[in-house]
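Below is one structure, written out as structure tokens; comments come after it.
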Amino acid sequence: MLNECNVNQCASVIYEHDQDFGDVEVIDTVNDVDNLLPSQKTDIKKLAHLSEEQQRELLALLDKFPECFSEKPGFLRPSTTRNSRDE
């Protein structure tokens, strides 16, 4: 029986010396944009409604927590923290 799996649950490894798979093309998933900080990817024109100080604060916050403002999907750990909406 074949078990279902999705991309986040299953992985396969092909070693360089394996010949059974033939030629396997490797896709580079990192590009120059991935190395930029969120503030460097932000269109400053979209922040024109903020004061210069607010812009600096926002951009600093984006850079302080880049994993939260990434365009790549990631894993969010379930939180056990409750807030007033939970009650």
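The values are calculated or read from the model by the stated rules, or taken from the named source; none is laboratory data. All values derive from a computational prediction rather than experimental measurement. Heads up, the Cβs are rebuilt from the backbone with ideal geometry, glycines too, and the neighbour counts pull from every protein chain shown.
What the table below lists for this structure:
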item: Residue list for the stretch 58-85, filter: at pLDDT 80 or above and surrounded by 10 or more Cβ atoms within 10 Å (Cβ to Cβ); result: Leu58, Leu59, Ala60, Leu61, Leu62, Asp63, Lys64, Phe65, Pro66, Cys68
item: The stretch 24-57: number of residues that are at pLDDT below 80, part of a loop (DSSP other than H, G, I, E, B) and either touching a Leu at 6+ places or on another chain (Cβ under 7 Å) or not polar (S, T, N, Q) (or both); result: 6
